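The values are calculated or read from the model by the stated rules, or taken from the named source; none is laboratory data. Please read these numbers as outputs of a predicted model, since none were measured by experiment. Cβ placement follows ideal geometry from the backbone for every residue including glycine, while neighbour counts extend to all protein chains displayed. We work out accessible area using only protein heavy atoms, side chains counted, and drop any ligands, DNA or RNA first. Shrake-Rupley method; radii C 1.70, N 1.55, O 1.52, S 1.80 Å.
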Amino acid sequence: MTAPTATTEAPSRVPFVRLDNGDQVLMDELMATVADVAARSAFTLGAPVDQFEREFADWCGSRFAVGVSSGTAALELALRALEIGPGDEVIVPTNSFIATAEAVSAVGATPRLVDVDAETSLLTAEIVAAALTPATRCVIPVHLYGRTVEMGPLSELCDEHGLFLIEDACQAHGSVYEGRPAGSLGHVGCFSFYPTKNLGAWGDGGAVVTSDHELATQLRLLRSHGEGTRHHHEMASGTHRLHAIQAAILDVKLPHLDRWTDQRRAAGAVLREALADTAVTVPAPVAADGDHVFHLFVVRTADRDGLREHLGELEVASAIHYPTPIHLQPCYADLDQGPLPVAERLATESCTLPIFPSITEAELASIVNAVSSFSPRA
């Protein structure tokens, strides 16, 4: 893709995302695999889940993948498998979807909500080091929007203090750090397959990846009533299974993911270059050892509401991720962890522009035209 320049032509309508029904060939293949699962009436775990787990683990550079019911479940079960619970603190960036902290609360531990780096909007080893307490047992870095956290220094810090490291890679399928896939860099990696994710199912779904055989075994027990063998329950754990239809759909889509990821990177590069001298702040360049797969393309401006109004008038969709940091959510008011100014500023300035693998050059030009013609209000 080449970077479009601003023109005087009226932009065409640009959707925020384009899902599977925009690709008829893919839809035909997906409908066929759904019909196959339905014909066999095998809807819970079974061969489709086993096959997808093997292929996804290999794609992630891990020995094991355990399919679960959602990205939130992946985080919760990872914490439970590591025996994180009451009395423990888990460091979580406040600039994330609430599920990252919610999973910590679900196991009875306390989320230690911290601020993020002003340039990357991500957790850093320095931020974590300043937040450590005697109760800290785990850190959950979030590869937010598809950008990788600087995992090297963070891994060293966690090793030094004997802390578990759980990667929230729910927005980072295919992103790499120092040549290794996101999700394979900590003790466990957690993924979401929500329909709008870079690898999306037709409903909720998730996976935990690890190279630790004992953890993988524990995770499989935790996702399905603690059932080791039929009617033999080793623990009371509830149900968090990945459905066979979702696994079959994901298995069809997985071979396309590298190509889709390259398309996202290319579209992100086009937008970064074309919008560099406009009234918005574009995502910071990626470090040499990191990556960005542009699950979301997030820009910043002090007049975020004005930008969204302007985009809407020109029929370019937009969204906000995330308007309220986790530490300011009502459910975490009792933590009283003080002001976290970077995340609070991001919450008022961030605007998400359309980006998806099938985005056309005309649609990119429409985005560039719309943003280039925006003038912030004083």
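For the reader, a short list of remarks on this structure follows.
- Residue satisfying condition, being among the hydrophobic types (A, V, I, L, M, F, W, C) and in contact with a Lys or Arg (Cβ under 9 Å, 6 or more places away or on another chain), within set Ala81, Ala99, Ala74, Ala106: Ala106
- If you go through region 256-275 and keep only what is in contact with a Phe, Trp or Tyr (Cβ under 8 Å, 6 or more places away or on another chain) and either open to solvent by less than 40 Å² (accessible area, probe 1.4 Å) or farther than 26 Å from Trp202 by Cβ (or both), you end up with Leu257, Arg264, Ala267, Gly268, Leu271.
- Where Phe97 falls short, out of the listed (1) open to solvent by less than 40 Å² (accessible area, probe 1.4 Å); (2) of a type outside the set (Gly, Ala, Ser); (3) more than 20 Å from Gly238 (Cβ to Cβ): (1)
- Criterion (touching an Asp or Glu at 6+ places or on another chain (Cβ under 7 Å), β-branched (Val, Ile, Thr) and over 20 Å from Val149 (Cα atoms)) met by exactly one of Thr324, Thr301, Thr278, Thr348: Thr301
- Among residues of region 132-155, those that are open to solvent by 10 Å² or more (accessible area, probe 1.4 Å) and farther than 17 Å from His187 by Cα, counted: 6
- Qualifying residues in region 203-226 (those that are under 15 Å from Ser62 (Cβ atoms) and of a type in the set (D, E, K, R)) - the one least open to solvent (accessible area, probe 1.4 Å): Asp212
- Condition met for Ala287 (more than 16 Å from Leu353 (Cβ to Cβ), open to solvent by 30 Å² or more (accessible area, probe 1.4 Å) and in a loop (DSSP other than H, G, I, E, B)): yes
- Matching residues, region 1-35, being part of a helix (DSSP H, G or I) and at pLDDT 90 or above: Gln24, Val25, Leu26, Met27, Asp28, Glu29, Leu30, Met31, Ala32, Thr33, Val34, Ala35
- Scope region 121-164; condition within 20 Å of Phe97 (Cα to Cα) and in a loop (DSSP other than H, G, I, E, B); matching residues: Ser121, Leu122, Leu123, Thr124, Ile140, Pro141, His143, Thr148, Val149, Glu150
- Flag for Ser375 being open to solvent by 50 Å² or more (accessible area, probe 1.4 Å), in contact with a His (Cβ under 9 Å, 6 or more places away or on another chain), in a loop (DSSP other than H, G, I, E, B) and not β-branched (Val, Ile, Thr): yes
- Pro323 farther than 23 Å from Tyr194 by Cα, in a loop (DSSP other than H, G, I, E, B), open to solvent by 50 Å² or more (accessible area, probe 1.4 Å) and not small (Gly, Ala, Ser): no
- Number of the exception - Gly179 against (1) out of contact with any strand residue (DSSP E or B) (no Cβ under 7 Å at 6 or more places or on another chain); (2) open to solvent by less than 20 Å² (accessible area, probe 1.4 Å): (2)
- Residue among Glu167, Glu150, Glu119 that is under 18 Å from Gly290 (Cβ atoms) and either of a type in the set (A, V, I, L, M) or free of Cβ contacts under 8 Å to residues at least 60 places away in the same chain (or both): Glu167
- Among the residues of region 290-313, those that are outside any loop (DSSP other than H, G, I, E, B) and surrounded by 22 or more Cβ atoms within 10 Å (Cβ to Cβ) comprise His292, Phe297, Val298, Val299, Leu307, Leu311.
- Index of the failed condition, Thr196 passing every other in (1) crowded, with 16+ Cβ neighbours inside 10 Å; (2) within 14 Å of the chain's Cα centre (by Cα): (1)
- Qualifying residue in region 52-74 (condition: over 24 Å from the mean Cα position of the chain (by Cα) and in a helix (DSSP H, G or I)): no
- Annotation: Ser184 fulfils all but one of (1) over 11 Å from the mean Cα position of the chain (by Cα); (2) small (Gly, Ala, Ser); (3) closer than 16 Å to Ser69 by Cβ; the unmet one is (3).
- Residues that are assigned to a helix (DSSP H, G or I) and surrounded by 14 or more Cβ atoms within 10 Å (Cβ to Cβ) within region 227-255 comprise Ala244, Ile245, Gln246, Ala247, Ala248, Ile249, Leu250, Asp251, Val252, Lys253, Leu254, listed in sequence order.
- Candidate set from region 35-59 (those that are within 19 Å of Leu199 (Cβ to Cβ) and acidic (Asp, Glu)); member that is most open to solvent (accessible area, probe 1.4 Å): Asp58
- The C-beta contact set for region 250-261 (first residue within 19 Å of Val68 (Cβ to Cβ), second residue charged (D, E, K, R) and at pLDDT 95 or above, distance under 7 angstrom, 6+ apart or interchain) comprises Asp251/Glu55; Leu254/Glu55.
- Output for region 113-127, where each listed residue is open to solvent by less than 20 Å² (accessible area, probe 1.4 Å) and of a type in the set (S, T, N, Q): Ser121
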